[in-house]
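After the structure tokens below, expect a handful of questions from me.
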Amino acid sequence: MTPSALRIFFGTGSWIILAFLVLPILVVIPVSLTDTSFIGLPKDHLSLQHYDTFVHSTKWLFASWTSIWIGCVVAVVATGLGTLFCIGVWFLSDRAAMIVRWIMIVPILVPPVVQSLGFYKFWVTLGLIDSYLGVILAHVLLGLPYVTISVFASLSNMDRRLPLAARNLGASIGMTIRTVIIPAIRPGMISGGIFAFIVSFDEIVSVLFLTVRRVETLPKMIWEGIQESVDPVIAVVASIFVLITLIATSLAALRRS
Amino acid sequence: MPHIPEKLRYWMLIIPALAVMIIFYIFPVLNIWGISITEPSVGIENYERMFASNAVKVSFVLTFRIAAITTVACLILGYVVAYTISNLAGRVRPLMLGLVLLPFWVSVLIRSFAWIVLLGRSGLVNDGLMATGIISQPLRLMHNELGVLIAMVHVMLPFAVLPMLTNMRGISGSYIQAARGLGASEWRAFREVYFPQTLPGVMSGGLLVFVLSLGFYVTPALLGGGRVMMISEYITYQIQEFLNWGLGAALSVVLLMATAVVLLIASRFVNLKTTFLERR
């Protein structure tokens, strides 16, 4: 069968669109290897000078470390709270449970600037401005919706009769959760945790509202870098991000196929 | 051990997360309404100023226009990609899916930075065009609506593709085969048999993109350079430049209401549950 016009249109069209999606992101890699002191393609030769600047900059390294550990704390706390929440909701499965599920995903729907304004005023009264705890708390709230969505997806795929059988055989709720439910929903918890980590690691708007000088995260450094002067070190950070993502998505794709 | 009713035990699992969410999220967001009518003084003067201001009107119109254009562009481009991945890709399907997911996982900040590198006055696009002699003056590709739109579509496109993919996965190929067997042309079978079945996915993707675009801050602020002030940027501008928390809060209330109205209207055509609660 010769390919029809419709097939050719969709086929070529999507390769062009996929190029539009991916190529602009990859552009940061050659730029990060520039031998000039401004953002642009390498002039005479490739150079690692800006990578050198990055690995010797305490400010950048400290901000990276801050983002990583905040992200880990957020992932653990959000996954813990979110998992218990989902299990409770799943056991109940009534109208009230549905309503609280909707309450949990409100942070996805509220514009980032609006929620950050709300955080700021409340964090001022709590004395949490420019503190790590303040940022962690905000990020846990922003990560919770993603955890509940993916944990709940796992729970819905689980056979309802399993935990009921455990209960009927005399296991307590705690024991049922530990020995029957958690092992069954582990994939959902892991992907929820990864989601929460990434939400925290990339989050910028609430950090801009809630921190002054003491707390510096990686996105905040990038944001300030873009605003002030466009320094090629940002291209280095961007390239590292892109390469890690590239490796992670390739691994995920390989595992799937 | 005292007997605790079964239902109460389940609620004890729910309460920690729910309490954190209500105390530290829902309450502060609702409190914005309080700020809007108490700062700097009690009354509705912030709302009066807001509705009298031409700049606010311009910003709201701009916000809705950019969100609408972004949504339409993402739906058209996203449909082509989703259709190809679902129906034509064959062996390259994992690759195509990977290419959609890669940008989805790269932070919005990084993606906006990449567009600044490309579209700036001495960015790669202008440099390239000048070097090849196609243009003699750098083109204005960012710090205007065009730049914001290009980057917004880029950021939002995966949000349109993913719900459409989920929807198309559930469509059986036998309908199309039946239509073709009964003599419909390929185009007609697509238009009259396949396309109507994909509408739920299209609506889902469209709503997601539109709602996220309405409140978007990072990309418009970076690519717009202060000249394309969508409402989120207008709010931060009022707060940072003029410490005008009252007006910022009033604008936030209106933006929140606008988002709620969009969701309310959409709930008549879109399954909100599959769009938001059961994403992916």
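Determine, yes or no, whether B:Pro28 is at pLDDT 95 or above and surrounded by fewer than 18 Cβ atoms within 10 Å (Cβ to Cβ).
Considered against the rule, which asks whether it is at pLDDT 95 or above and surrounded by fewer than 18 Cβ atoms within 10 Å (Cβ to Cβ), B:Pro28 comes out as no.
Picking from B:Ala89, B:Ala82, B:Ala19, which residue would you name as being assigned by TED's automatic domain parsing to the domain that holds B:Ile150 and without any contact (Cβ under 8 Å) to a residue 60 or more places away in the chain?
When all the criteria are applied, what remains is B:Ala89.
If B:Gly43 satisfies all but one of (1) surrounded by fewer than 16 Cβ atoms within 10 Å (Cβ to Cβ); (2) within 23 Å of the chain's Cα centre (by Cα), what's the number of the condition it fails?
Failing condition for B:Gly43: (2).
Can A:Ser67 be described as modelled with pLDDT of 95 or more, closer than 20 Å to A:Ile244 by Cβ and of a type outside the set (Asp, Glu)? Please lay out each step first, then the result.
Values: modelled with pLDDT of 95 or more: yes; closer than 20 Å to A:Ile244 by Cβ: yes; of a type outside the set (Asp, Glu): yes.
In short, yes.
While we're here: With respect to A:Gly80, determine if the residue is assigned to a helix (DSSP H, G or I) and under 30 Å from B:Ala82 (Cβ atoms).
no
While we're here: Which members of segment B:221-232 meet the condition of being within 11 Å of another protein chain (Cβ to nearest Cβ) and on the phi < 0 side of the Ramachandran plot?
Once the filter is applied, which keeps residues that are within 11 Å of another protein chain (Cβ to nearest Cβ) and on the phi < 0 side of the Ramachandran plot, segment B:221-232 yields B:Ala221, B:Leu222, B:Leu223, B:Met230, B:Ile231, B:Ser232.
Any chance segment B:168-189 includes a residue that's touching a residue at least 60 places away in the same chain (Cβ under 8 Å) and of a type in the set (Ser, Thr, Tyr)?
Looking for residues that are touching a residue at least 60 places away in the same chain (Cβ under 8 Å) and of a type in the set (Ser, Thr, Tyr), one finds none in segment B:168-189, hence no.
If the requirement is being touching a residue at least 40 places away in the same chain (Cβ under 8 Å), in contact with a Lys or Arg (Cβ under 9 Å, 6 or more places away or on another chain) and not polar (S, T, N, Q), which of these qualifies: A:Ile149, A:Ile136?
Exactly one of A:Ile149, A:Ile136 is touching a residue at least 40 places away in the same chain (Cβ under 8 Å), in contact with a Lys or Arg (Cβ under 9 Å, 6 or more places away or on another chain) and not polar (S, T, N, Q), namely A:Ile149.
Here is a follow-up. Of the numbered conditions (1) within 9 Å of chain B (Cβ to nearest Cβ); (2) in contact (Cβ under 8 Å) with a residue 40 or more places away in the chain, A:Ile103 satisfies every one except a single condition; which is it?
Just one mismatch for A:Ile103, condition (2).
Residues that are more than 25 Å from A:Ser200 (Cβ to Cβ) and of a type in the set (A, V, I, L, M): does segment A:49-64 have at least one?
Within segment A:49-64 (the criterion being more than 25 Å from A:Ser200 (Cβ to Cβ) and of a type in the set (A, V, I, L, M)), the answer is no, since none of the residues qualifies.
Additional query: Just give me the residues in segment B:167-188 being modelled with pLDDT of 90 or more and crowded, with 18+ Cβ neighbours inside 10 Å, in sequence order.
Passing the criteria: B:Asn167, B:Met168, B:Ala179.
For B:Ile235, all conditions in the list (1) assigned to a helix (DSSP H, G or I); (2) buried (at least 22 other Cβ atoms within 10 Å of the Cβ); (3) more than 10 Å from chain A (Cβ to nearest Cβ) hold save one; what is the number of the exception?
Failing condition for B:Ile235: (3).
Given the conditions (1) within 30 Å of A:Lys59 (Cα to Cα); (2) under 21 Å from the mean Cα position of the chain (by Cα); (3) part of a helix (DSSP H, G or I); (4) not β-branched (Val, Ile, Thr), and given that A:Gly225 satisfies all but one, which numbered condition is not satisfied?
A:Gly225 satisfies all of (1) within 30 Å of A:Lys59 (Cα to Cα); (2) under 21 Å from the mean Cα position of the chain (by Cα); (3) part of a helix (DSSP H, G or I); (4) not β-branched (Val, Ile, Thr) except (2).
Can B:Phe210 be described as assigned by TED's automatic domain parsing to the domain that holds B:Phe269, over 30 Å from A:Pro42 (Cβ atoms), modelled with pLDDT of 95 or more and of a type in the set (Phe, Trp, Tyr)?
yes
Here is a further query. State all residues of segment B:189-207 that are at pLDDT below 95, touching a helix residue (DSSP H, G or I) at 6+ places or on another chain (Cβ under 8 Å) and within 12 Å of chain A (Cβ to nearest Cβ); if no residue qualifies, say none.
B:Ala189, B:Phe190, B:Tyr194, listed by residue number.
Is it the case that segment B:143-154 has a residue that's without any contact (Cβ under 8 Å) to a residue 12 or more places away in the chain, exposed (fewer than 15 other Cβ atoms within 10 Å of the Cβ) and assigned by TED's automatic domain parsing to the domain that holds B:Ile85?
no
Looking only at segment B:1-46, which residues are more than 10 Å from chain A (Cβ to nearest Cβ) and closer than 23 Å to A:Phe85 by Cα?
Correct list: B:His3, B:Pro5, B:Leu8.
Does segment A:214-233 hold any residues that are at the interface with another protein chain (Cβ under 8 Å from one of its Cβ atoms) and touching a residue at least 24 places away in the same chain (Cβ under 8 Å), and which are they?
Hits for segment A:214-233 are A:Pro219, A:Val230.
Another question, if that's okay. Quick one: in segment B:88-118, of everything that is part of a helix (DSSP H, G or I) and β-branched (Val, Ile, Thr), which residue is farthest from the other protein chains (Cβ to nearest Cβ)?
B:Val92
Could I ask something else about it? Just checking: which of the helices (runs of 4 or more DSSP H) contained wholly in segment B:128-189 hold 2 or more residues that are among the small types (Gly, Ala, Ser)? Step through it out loud before you land on a result.
Details: elements: B:145-169, B:174-181, B:186-189.
So the answer is B:145-169, B:174-181.
Now a separate question. Does at least one position in segment B:221-231 carry a residue that is touching an Asp or Glu at 6+ places or on another chain (Cβ under 8 Å), of a type outside the set (S, T, N, Q) and part of a helix (DSSP H, G or I)?
yes
What helices (runs of 4 or more DSSP H), lying completely within segment A:1-72, carry at least 1 residues that are of a type in the set (Phe, Trp, Tyr) and either without any contact (Cβ under 8 Å) to a residue 60 or more places away in the chain or farther than 26 Å from B:Met152 by Cα (or both)? Step through it out loud before you land on a result.
Numbers: elements: A:5-26, A:28-32, A:49-55.
Qualifying helices (runs of 4 or more DSSP H): A:5-26, A:49-55.
Looking only at segment A:107-131, count how many residues are in a helix (DSSP H, G or I) and within 7 Å of chain B (Cβ to nearest Cβ).
12
The values are calculated or read from the model by the stated rules, or taken from the named source; none is laboratory data. Since the model is a prediction, treat every value here as computed from it, not as a measurement. Quick reminder, even Gly has a Cβ in these numbers, built from the backbone with ideal geometry, and neighbours come from all protein chains shown.
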